[in-house]
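Novice: Sharing a structure below in structure tokens format, with a few things to ask.
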Amino acid sequence: MDAYREAGSQGGFTFINHPNWGSQRKDGIARIEPEQLELIEQDLIQGIEVVNDLTYSDEALELALAYDLAIIGTSDIHGLVDWQYQIAQGGHRPITVVLAKDRSVEAIQEALVARRTVAFYLDSIIGREEHVRPLLDASSRSPHLDTAEILPLHGYRFRITLMHGLPSSTHRLYASTTAQT
């Protein structure tokens with residue numbers, strides 16, 4: 001716990017890594033351990049990895065929502081990014097999108113602490129509706145619709161469909177990406 005307290009005293013942001021990793025969880029189901037819960041209650045853990053490399057965890061997303069943790073997506077790459085994620089064919093590695101007011105360190109830190117994050121994984125944007133919906137509305141040619149064509153972003157065109165049926169406070173946006181010609 002001392003390491004978490006020290007990180008907190010320095011303004012660090014800590015999150016639970018690999019909550020569903022088979023080497024740690026034989027059943028592959030993410031759970032919060034008593035020690036982690038104590039750290040969460042002291043605000044010494046602020047996020048949880050919902051996406052790691054090639055895996056997504058519904059249970060980790062549920063934990064993020066239940067314990068008000070930032071939703072984190074990482075590649076955790078130990079090899080060649082271009083090969084693992086087929087970058088040349090239009091792929092991308094998982095990332096965390098931090099919804100900061102600007103690009104300053106202070107704004108990014110504030111957004112992380114406020115849990116304003118979404119994970120971008122394969123063809124999905126995963127997050128709380130309050131964070132995902134504005135992305136859809138701001139990018140959409142047809143705001144407030146459940147399906148929208150998204151304006152080109154870095155050479156890609158996205159088609160996003162809001163999928164209902166997840167917990168009421170969250171929606172997952174599925175996007176199919178195709179390189180723009």
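Novice: Only bridges whose two residues both fall in segment 1-125 count here: according to DSSP, what percent of them are antiparallel, nearest 5?
Specialist: 55
Novice: Could you pull out every residue, at least 5 positions away or on a different chain, whose amide H is within less than 5 Å of the one on A30? Hs are placed 1.01 Å off N in the peptide plane, and Pro or chain starts have none.
Specialist: Counting only residues 5 or more places away or on other chains, the set is E59, A60.
Novice: Right, next: Whole angstrom only: what separates the Cα centroid of segment 1-55 from the Cα centroid of segment 77-111?
Specialist: 20
Novice: Right, something else. Residue by residue through segment 54-69, which ³J(HN,Hα) values in whole Hz follow from phi under the Karplus form 6.51 cos²θ - 1.76 cosθ + 1.60 (θ = phi - 60°), with glycine and proline marked x?
Specialist: Rounded to whole hertz, the list is 9, 10, 10, 10, 4, 5, 5, 5, 4, 5, 4, 6, 5, 10, 6, 9.
Quick note: the coordinates plus some simple rules give every number you see, no bench work behind them. Being a predicted model, the structure only gives us computed values, none of them experimental.
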